[in-house]
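Report on the structure given below.
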Amino acid sequence: MAKISSRLLGVSESATLKLNATVQEMRAKGVDVINLTAGEPDFFVHEAGKKAVIDAVAANHSKYTPAAGLPELRKLIADKTNRQQPKVSKAKPWTPGNVIVSNGGKQALFNAFLAILDPTGQDEVVIPSPYWLSYPEMVKIAGGVPRLVRAPFEQGFKLKPEQLESALTARTKAVLLNSPSNPTGVMYSQEELTQLGKVLERAAREKCPDLWVISDEIYDRNVFGKTPFCSFLEAAPQLRDRTITVNGMSKSAAMTGWRVGWSVAGPELTQAMLTLQGQSTSGINALAQWASIAVLKVPEDEFRPQVESFRKRRDIALDILKKAGKIQVIEPEGAFYAFVGFGGFLRKGEDSLEFAQRLLEQAKVAVVPGTPFGEPEFVRLSFATDEESLREGCRRIVDYVETA
Ligand code: PLP
């Protein structure tokens, strides 16, 4: 067979998408599987968004949009970011020119890595581990090296400033931050982000002049614990010109399939990312942009029931899971996942991949193994599912591990 590019050597397929396919196959055969793998909210798009699409179709909004997105949408995104970053917005507010609307946060991240990293296999991106499984793969595709820094369960799955300090070298081109986190649901407080920001500022001055910070804030609305959401630049406004804030409609407005994300960054990097996007995909689907304009205007209050429902389900899941004595779990404060350690139940030589397979085949519950997220003894459970299925799924897991 003719050869495939070496760019893809060592790059993994998305584990979550593969797992979902297995669940679908089992269900097609009539097996009663509870699926706790969902990486997307189980709500519908707000009526305002649906109506906007229908209106846009009727108004013949069918042409290419500007590659960076519709001006009104970019303005709404700049405004939202300024609201989340009052310190930045007071000193030097974001404008629509700083915004690129992309095909999901995923494309925004891809744009950022491709624009920042030289394809020499030398440039490093520091990624706290556990991490969302696409980050290292994206870095590899862009020709960089993921530098994983483990923040284990014992330290609350959060990176300590001194760990960050020692991971930064002259080769570091970027640091990735993600709060609330997928897969752990943990959140950094403003004070914790400030401390990380101080380390980054000093490092940029002293040892990594080309340092960028990529702050993935895609779960900003899905917050239900004691820690309020804090945008990285609100905690470290001095890093404004080195930071790319990534966000989108997928998790906050249940619009995963409509593929709307964005980046907010300084003008040079935005121009570089725009060149990339212009030459690869152009502007995103026009109808999804019209929907996003409408949904971004919906008052925050209207999303509270969704957030409240995630909080309730988190409590349901944890109450049941905690009955299994030997599990390890940190109460998630954001996103819609619990990252649960089953080290005490693993068989000799087994990791979460085999364990998740056993759970699927024997307990008929699908969860995502933690191995591709950097924690081989943990699994990720999603509570973006109805309460009854969640209860039943958690009960099955507890019954299974207690008796297997
Ligand atoms: N960042 C994180 C942490 C995610 O979990 C996801 C999706 O699962 C994304 C980014 C990308 O989401 P989308 O491309 O749908 O905006």
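Computed from the coordinates by the stated procedures, all read-outs in this text should not be read as laboratory data. Please read these numbers as outputs of a predicted model, since none were measured by experiment. Quick reminder, even Gly has a Cβ in these numbers, built from the backbone with ideal geometry, and neighbours come from all protein chains shown.
Once the chain from SER62 to ARG83 is taken as fully extended at 0.36 nm per residue, the excess over their C-alpha distance is 4.4 nm. For region 31-74, taking Cα atoms only, Rg and Dmax work out to 16.7, 49 Å respectively.
Bridging of LYS29 to lysines at a Cα separation below 26 Å is possible for LYS18, LYS364, once same-chain residues fewer than 8 apart are set aside. About its Cα centre, the dipole of region 332-404 is roughly 180 debye, where the only charges are +1 on Lys and Arg Cβ and -1 on Asp and Glu Cβ. The stretch between GLU387 and GLN362 holds 6.8 nm of extra length on full extension. This uses 0.36 nm per residue minus the Cα-Cα distance. Each Cα pair under 8 Å and six or more residues apart adds its separation to the average, and for the chain the resulting relative contact order is 24 percent.
Of all the options GLU25, GLU354, GLU192, the one that moves most in a Gaussian network model of the chain with Cα springs shorter than 10 angstrom is GLU25. Taking 24 Å as the straight-line reach from the Cα of LYS297, the lysines in range (excluding those fewer than 8 positions away in the same chain) are LYS50, LYS51, LYS63, LYS75, LYS80, LYS87, LYS90, LYS92, LYS106, LYS251. What translational diffusion coefficient, to the nearest whole µm²/s, does region 305-400 have by Stokes-Einstein, given a Kirkwood radius computed over alpha-carbon pairs, a temperature of 4 °C and 1.567 mPa s viscosity? The Stokes-Einstein estimate is 97 µm²/s. Would you order CYS230, CYS394, CYS208 from fewest to most other beta-carbon atoms within 10 Å of each residue's own beta-carbon? Ordered from fewest to most neighbouring Cβ atoms within 10 Å, CYS230, CYS394, CYS208 come out as CYS208, CYS230, CYS394. Computed over the chain with a Gaussian network model linking Cα atoms closer than 10 Å, the most mobile of GLN279, GLN85, GLN238 is GLN279.
Distance between the modelled labels on LYS18 and LYS322, one decimal in nanometres: 3.5 nm (7 Å Cα→Cβ projection). Spacing of the modelled spin labels on LEU8 and VAL298, each 7 Å from Cα toward Cβ, amounts to 3.7 nm. Backbone amide hydrogens, once placed in the peptide plane, bring PHE224 within less than 5 Å of GLY334, excluding anything fewer than 5 places away on its chain.
Working note: Debye formula, equal point scatterers on the alpha-carbon atoms of region 176-259, no solvent; log10 I(q)/I(0) at q = 0.24 Å⁻¹ is -1.15. In sequence order, region 235-251 has phi-based couplings of 8, 9, x, 5, 9, 3, 7, 10, 10, 10, 9, 10, 7, x, 8, 4, 8 Hz under the Karplus curve 6.51 cos²θ - 1.76 cosθ + 1.60, θ = phi - 60°, and Gly or Pro positions carry x. Taking amide hydrogens as placed 1.01 Å from N in the peptide plane, the amide H of VAL329 sits under 5 Å from those of GLY341, each at least 5 positions away in sequence or on another chain. If the chain linking MET1 and ASP399 were pulled fully straight, counting 0.36 nm for each residue of separation and taking away their Cα-Cα distance, it would gain 138.4 nm.
In order along region 144-161, the phi-based Karplus estimate (6.51 cos²θ - 1.76 cosθ + 1.60, θ = phi - 60°) of 3J(HN,Hα) comes to x, 10, x, 10, 7, 10, 6, 10, x, 3, 4, 10, x, 6, 10, 6, 8, x Hz; Gly and Pro are listed as x. Taking the inverse of the mean reciprocal distance over all distinct Cα pairs, the Kirkwood hydrodynamic radius of region 155-303 comes to 16.8 Å.
When the Cα convex hull of the chain is projected onto planes of every orientation, the mean area is 21.2 nm².
Cβ crowding within 10 Å ranks THR371, THR95 as THR95, THR371, fewest other Cβ atoms first. Along region 269-279 the Karplus relation, 6.51 cos²θ - 1.76 cosθ + 1.60 evaluated at θ = phi - 60°, assigns HN-Hα couplings of 5, 4, 4, 5, 5, 5, 4, 4, 5, x, 8 Hz to successive residues, with x for each Gly and Pro. Residues ILE330, ILE116, ranked from the fewest to the most other C-beta atoms within 10 Å, line up as ILE330, ILE116.
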